Amino acid sequence: MKSKKTDWKLPAIILLALLLILEMADIYRLARSGDTQPLPVLMYHHFADVSTDGTVVTPGRFREQMTALREGGYEAVTVPQVIAFVREGAPLPDKPVLITMDDGYGSNLTVAAPILEETGMRATIFSIGINEGEEYYAHSGEPMWQHRFAFEEASPWVEKGVIDVQSHTFDMHQLESYGYSGRDGVRRMRGESAEDYRRALLDDAAAFRERRGDRVATELLALAYPFGYYDMEADKIMGEAGYQLTVTIDERMNRLRAGDEACLRMLGRFNVTDHTTGEALVDRLDHYFPDLAESKK
Ligand SMILES: [Zn+2]
């Protein structure tokens, strides 16, 4: 009698344990791929036939990088897509990448945009409001280093969905040492009251919004902090100014979570130089998509 009871108990316990393991595996899988999503953000600046430093990428290298990303299964996403994932749970591609370019150089349109189109990729450009379409710097009167496109020049690319143009501030792309604004990027100046500081940032954001107006067909949603200077106070004010997504120059990966709008703020970015091969770029990003990188092999 006693041994019969044991015979019945043991398989039941094994079955229950098996079910528990399966359930846990399921929860684990959901937690990994359900409502969270890694998002690498790449940073570029100028494009030219000769690379003089880490901010200049040659067309050949850029084409190689974009082709490698595409072949590695990456899909370039837009700022509105990223926001929709977080706010509404709208699905993103399995391997999304947000490609960004700072300062609004003409080469973004003449060199990079055709390569983006050819490889099926897209990018978000952060343009400096006061320099847009200008030939001379407003403060020094010196000729500008490289052509900065006027918003209208980007229109054909914006219409095709290859390019979006967002904010790199109106006139805060300056260092205190330049001797004009007295401030480093969007940083609060010594002795500046909290209210004066808040007003300065809101005024600058309003100036950018006004200059952009309806000259760019997309919605103004994102801001890149000049020189990567930012803090919680600045970011809170920029949120008030209507920027739903902000990016820094901190080299780190981002993890998006549906329903958590804080994950859209102060995103890290990987600077991509002319020394980065397409293969090295894909290897670097694949590190953050271990499951998908595995299934490829
Ligand atoms: Zn910049």
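Key figures for this structure:
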| read-out | value |
| --- | --- |
| Tensor-based shape of the range 48-161 (alpha-carbon gyration tensor, a/c under 1.5 rounded, otherwise prolate or oblate) | oblate |
| Residue-span extension gain [GLN146 to TYR180] - 0.36 nm each, minus C-alpha spacing | 10.2 nm |
| Lys pairs, the chain - Cα-Cα below 30 angstrom, 8 or more residues apart or on other chains | 4 |
| Under the Karplus curve 6.51 cos²θ - 1.76 cosθ + 1.60, θ = phi - 60°, whole-Hz ³J(HN,Hα) for the range 124-141, x wherever Gly or Pro sits | 10, 9, 9, 9, 8, x, 6, 8, 4, x, 9, 9, 10, 5, 4, 8, 8, x |
| The chain: antiparallel DSSP beta bridges as a percent of all, rounded to 5 | 20 percent |
| Full-stretch length increase - ARG190, MET253 - with 0.36 nm per residue and alpha-carbon distance subtracted | 19.5 nm |
| Shape category assigned to the range 55-95 from the gyration tensor of Cα positions, a/c cut at 1.5 | oblate |
| Amide H contacts of ARG148 (H built 1.01 Å from N, under 5 Å, at least 5 apart or other chain) | GLY106, GLY133, GLU134 |
| Protection proxy ranking of 58-71, 97-110 - average other beta-carbon atoms within 10 Å, highest first | 97-110, 58-71 |
| ³J(HN,Hα) computed for each position of the range 233-241 - Karplus, 6.51 cos²θ - 1.76 cosθ + 1.60, integer Hz, glycine/proline x | 5, 4, 5, 5, 5, 5, x, 4, 6 |
| Dimensionless Rg over Rh [the range 147-269; C-alpha; Kirkwood] | 0.98 |
| Whole-number percent relative contact order across the chain, with pairs defined as alpha carbons under 8 Å at least 6 apart | 22 percent |
| Pairwise centroid distance, computed over Cα atoms, of the range 159-202 with the range 56-86, Å | 27 Å |
| Surface/4 of the Cα convex hull for the chain, nm² | 20.9 nm² |
| Cα gyration tensor shape of the range 161-210, rounded if a/c is under 1.5, else prolate or oblate by comparing a/b with b/c | oblate |
| Spin-label zone in the range 253-274 - amide nitrogen under 11 Å from a point set 7 Å from the Cα of LEU202 along the C-beta vector | none |
| Computed helical MRE - 222 nm, the chain, DSSP H runs ≥ 4 contributing -39500 (n - 2.57), nearest 500 | -12500 deg cm²/dmol |
| Positive-pole candidate from GLY182, ALA154, SER167, dipole of the chain, charges at beta carbon | SER167 |
| Cα long-axis angle, helix 151-160 against the chain (0 to 90 degrees, to the nearest 10) | 30 degrees |
| Among GLY161, GLY73, GLY191, residue whose mean-square fluctuation peaks in a GNM of the chain (springs only between Cα atoms under 10 Å) | GLY191 |
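Values quoted throughout were computed directly from the atomic coordinates according to the rules given, and no laboratory measurement underlies them. Keep in mind that what you see is a predicted model, and the values were worked out from it rather than measured. We place every Cβ from the backbone using ideal geometry, glycine too, and count neighbours over all the protein chains shown.
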